[in-house]
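Each remark here refers to the structure printed beneath this line.
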Amino acid sequence: MEEIQRDYRSRLETHAREAARIKGHIRLIALLRLVVFVAAVAAVYLLRGAGSVAWGSAALVGIVLFLGLARVHDRWFRRKEFVDCRERVIRRELALLDYRFDGIDGGDEFVDPTHDYSFDLDLFGPKSLFVYLNRSATAAGRRALAQAMQHPRLDADAIRRQQEAVEELSSRTDLLIDFQAWGASSGECADDTCLLEQLAQMPRFGSPRPVRVAIAALPALYLVLIALWLGGLLSGSVVVWLFVALLAVAGIQAKRVTRIQEQLNAALASLSHYARLFEAVEQNRFESERLVCLQRECVDDHGSVSQRVARLRRLLANLDQRCNFVGFTLLNGFLLWDLRQLNALDRWLDENRERLPRWLDLLAQFDVCCSLAAFRHNHPRYVFPRIVLDCRPVMQAEALGHPLIPRDRCVCNDVAPMSEGTFQIITGANMAGKSTYLRTIGVNYLLACMGAPVCARSMTFTPLPLFTGLRASDSLADNESYFFAELKRLQQIVERLRSGEKLFVILDEILRGTNSVDKQTGSLALVRQLVEAGAAGIIATHDLALGQLAEKLPGQISNYRFEATIAGDELTFTYRLQPGIAQNMNACFLMKKMGIIPADTPAR
């Protein structure tokens, strides 16, 4: 881990030197642009009496040089933006390595208390697993990662292919950093769903064919007229009047063009910046099957996706030239630029509109692989779990820890084999580590199903749907009590098991909302039913009576415990899982120590 941190810090130092060099180039080019402008104005002034050819040539050379330097200036600014984004990516990685999550996207909109497990496992929100995993360069990739966390593919072959892709990408540090930086330098990413909806509603906006042919012929027409003028065969006023006429046409169309330009920018601006991201998929050499398949789908008989997206970017940039008064006047007066670019964009959309959903999906899937690969790169000691398909065991692990608990404080525990029709009952005192242990199992099981590495020395699992009941809450909007909300989740588990679905179930302190006798009766009956239905899982409880089920259902129920040690006036925890039923409880001890109840209150 220290070696990884040193590597990131070394990269920051390199970026600081690169940023200083780029700033020097930007200042130099800005000075050259000023010199060219002043020189061109001076040349036109000095040659004003030498004839229109002389001063016109000087003005033309000045304009060409000035516009050329402007393009170079823009390229250096884009380079600076990329370097700045790369630096922010590295600083973010260092922050995550130190478990500093402030200001990092937590995917709050994906929080769903009704989901099978995401709310219980804190997958989204501040300091969540999403914060720790998400390195998405695109809006589509961000949503695909959330989708993979909420609904992972449970196909063993797909998981193995994902594991291979993540492992291969994890060694491509520069690619992982650059991919994020290219995404960040693309500006704020539009939601891909909105993009596709906007494009679907957008009608064709190109000119009729005769008009397109006439616009395409304008450069040749100007060359002929200028040649005739220079040869003395035609008055120069003809060229001027043509220029004015075309400018008038552009002015009449300006409002319509602006409206279409705004629609195109809203729908396509973010996509147009993804050319470098597609290049990363297309031009790198991959060996894993999943990455090779994604790469292959980026190229067809009509060329590569990156080339077509790069052309879109150029077309949108060309249309943006009209926003400059000088550019609008010169380009439209000579080339009817606005209509020319709209026609080109209309042709591009006609050729590629139906391909856009697949392009975005390809990029999103590669984006997810990169997020998981960065997670793998930062945790080289994590392992890829082994997949078994006979459901024996559904899960088993050695030295399993929670990836969001800092390394110096994370206590790892073994997970005994859990097979279909078996449950583990975890008993223990308050704060002894039961709930954390359940979340540790749930989070690592989910990572395994996603094809990501897990925080363990070793792990074996069978991919099954995960369902948890760790946290329930009142719902004022639905007029539901805490107890009824919990019952509804338990009902979902039972109904899905009765329908024949296999589940991996994790429950914490079931039936907390009722009295102890009623709770005990209901809990015992529920556990029996889960076992008989063939579910595999784990239940944490304070109710020691559940531990007695091991005697009635030998081989199907096993007991484990987290103990608290009370020595004099001190309460200590080891957070180590042990076999058997818990012996020590600490509620009365803590209440006495905090002065809530009298110190002489007898413990029962």
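The values are calculated or read from the model by the stated rules, or taken from the named source; none is laboratory data. All figures in this text were calculated on a predicted structure; none of them were measured in a lab. Cβ sites come from the backbone with ideal geometry, for glycine too, and all protein chains shown count toward neighbours. Protein only, heavy atoms only, side chains kept; ligands, DNA and RNA dropped before computing areas. Shrake-Rupley method; radii C 1.70, N 1.55, O 1.52, S 1.80 Å.
With N denoting the number of residues in region 230-294, provide Rg(C-alpha) divided by 2.2 N^0.38 Å, to two decimal places.
Region 230-294 yields a ratio of 2.20.
Each Lys and Arg contributes +1 and each Asp and Glu -1, all at the Cβ; summed about the Cα centre of the chain, the dipole is approximately 2240 debye.
To put it simply, the accessible area of region 1-132 at a 1.4 Å probe is 62 percent carbon and sulfur.
I need the fraction of alpha carbon pairs in region 230-369 separated by more than 19 Å, rounded to a whole percent.
Numbers: 5746 of 9730 pairs.
Distances greater than 19 Å cover 59 percent of the Cα pairs.
Size of region 118-175: Rg and Dmax of its alpha carbons, in Å, are 12.8, 35.
Which value, in Å to one decimal place, does the Kirkwood hydrodynamic radius take for region 294-370 when every pair of different Cα atoms is included? Averaging 1/r across every pair of different Cα atoms and inverting gives 14.2 Å.
Between Glu2 and Gln583, residue separation times 0.36 nm minus the direct Cα-Cα distance comes to 205.1 nm. Placing one equal scatterer on every Cα of region 73-163 and applying the Debye formula, the log10 ratio I(q)/I(0) at q = 0.18 Å⁻¹ is -0.92.
Can you give me the orientation-averaged projected area of the convex hull built on the Cα atoms of region 17-90, in nm²? Display every interim value, and only then the final one.
Values: hull surface 19.0 nm².
Over all viewing directions, region 17-90 projects a mean Cα-hull area of 4.7 nm².
For region 298-427, with every protein chain kept in place, what is the accessible area per residue (1.4 Å probe, Å²)? Please report the intermediate quantities before stating the final value.
Numbers: 5400 Å² over 130 residues.
Dividing the accessible area of region 298-427 by its residue count gives 42 Å².
Could you sort the peptides 291-298, 101-108 by per-residue average Cβ neighbour count (10 Å cutoff), highest mean leading?
291-298, 101-108
Sorting the Cα pairs of region 124-279 by distance into bins of 10 Å, from 0 upward, gives 8, 22, 23, 16, 13, 11, 6, 2 percent per bin. On a per residue basis, region 1-151 carries 55 Å² of accessible surface, using protein heavy atoms and a 1.4 Å probe. Cross-link partners of Lys488 among aspartates and glutamates, defined as those whose alpha carbon lies under 13 angstrom from its own and excluding same-chain residues fewer than eight positions apart: Asp116, Asp474, Asp478, Glu480.
Of the two radii for region 338-427, the radius of gyration is 1.31 times the Kirkwood radius, both from the alpha carbons; that is the Rg over Rh value. Coupling constants for region 225-235 follow from the phi torsions by the Karplus curve (6.51 cos²θ - 1.76 cosθ + 1.60, θ = phi - 60°), and in residue order they are 5, 5, 4, 5, 5, 5, x, x, 8, 8, 6 Hz; glycine and proline get x. Here Val213 and Ala20 are evaluated by their C-beta separation; at R0 = 56 Å the FRET efficiency comes out at 0.60. For region 194-264, with all protein chains in place and a probe radius of 1.4 Å, 70% of the accessible heavy-atom surface sits on carbon or sulfur. May I ask you to give the percent of accessible area on region 317-372 that is carbon plus sulfur, with a probe radius of 1.4 Å? C and S atoms contribute 57 percent here.
Translational diffusion of region 220-267, estimated by Stokes-Einstein from the Kirkwood radius over alpha carbon pairs at 25 °C in a medium of 0.890 mPa s, is 193 µm² per second.
With the cut-off at 31 Å, tell me which of the pairs Lys80/Lys255; Lys502/Lys552; Lys23/Lys127; Lys434/Lys552 have Cα atoms farther apart than that.
Numbers: Lys80/Lys255 34 Å; Lys502/Lys552 24 Å; Lys23/Lys127 36 Å; Lys434/Lys552 24 Å.
In this structure, Lys80/Lys255; Lys23/Lys127 lie more than 31 Å apart at Cα.
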